[in-house]
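Structure first, commentary second.
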Amino acid sequence: LSWPGVIPSGHVDRRALVSGTDVLPTICDFAGLDSPAALDGESVRSLLGNPSAPWRDVLVAELNEARMLRTANHKYMLYNRGGHQAEFLFDLLQDPGETRDLASSPDSTGVLDRCRGLLGQWTARTGGTFESTKREVR
């Protein structure tokens, strides 16, 4: 975001997990309007003056048969089509290009379980039915 005299240009916040769903609530906030209650997004206005302001630590995106969960360090993806599932896990700090899938790595079991749990919580909170049914990958 940039707004001369209000939002300094050139600042990049790599900590905050922001989504396209945050755009309309942010515009409404700056315009002094209430954001529609049915929206999932949040205004990022509080982050602009205070980068350490409380903010979400998990972001979920959904598209048809796929869900993506993003944390500060990891990206977890779950595809669920016709009863078949595939999972992917990437360490974004060590592998920002997402070239090494860690979902089947025994060293990643804890992170994978945490991501599955977070996606399950998000699914329950949003009233969906999309979650991992597998405890073991592939």
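Points worth noting:
- Residue in the stretch 32-44 that is under 25 Å from LEU93 (Cα atoms), open to solvent by 80 Å² or more (accessible area, probe 1.4 Å), charged (D, E, K, R) and assigned to a loop (DSSP other than H, G, I, E, B) present: no
- Residues in the stretch 31-48 that are in contact (Cβ under 8 Å) with a residue 24 or more places away in the chain and over 17 Å from the mean Cα position of the chain (by Cα): LEU48 only.
- The residues of the stretch 55-86 that are in contact (Cβ under 8 Å) with a residue 24 or more places away in the chain, open to solvent by 60 Å² or more (accessible area, probe 1.4 Å) and more than 23 Å from SER105 (Cα to Cα), listed by number, are ASP57, GLU62.
- Condition check for GLY120 on (1) in a loop (DSSP other than H, G, I, E, B); (2) within 24 Å of GLY20 (Cα to Cα); (3) over 13 Å from the mean Cα position of the chain (by Cα): one failure, at (1).
- Residue in the stretch 18-28 that is nearest to LEU69 (Cα to Cα), counting only those that are at pLDDT 90 or above and surrounded by fewer than 17 Cβ atoms within 10 Å (Cβ to Cβ): VAL23
- Subset of the stretch 1-30 that is of a type in the set (Ser, Thr, Tyr) and in a loop (DSSP other than H, G, I, E, B) - its residue that is farthest from the chain's Cα centre (by Cα): SER9
- Look at the stretch 98-117: where a residue is open to solvent by 30 Å² or more (accessible area, probe 1.4 Å) and a partner is of a type in the set (Lys, Arg), sitting 6+ places away or on another chain with Cβ atoms under 9 Å, you get GLU98/LYS75; SER104/ARG138; ASP113/ARG135.
The values are calculated or read from the model by the stated rules, or taken from the named source; none is laboratory data. Keep in mind that this is a model prediction, so the values were computed, not measured. Cβ coordinates were reconstructed from backbone atoms using ideal geometry, including for glycine residues, and neighbour counts include every protein chain displayed. We work out accessible area using only protein heavy atoms, side chains counted, and drop any ligands, DNA or RNA first. Shrake-Rupley method; radii C 1.70, N 1.55, O 1.52, S 1.80 Å.
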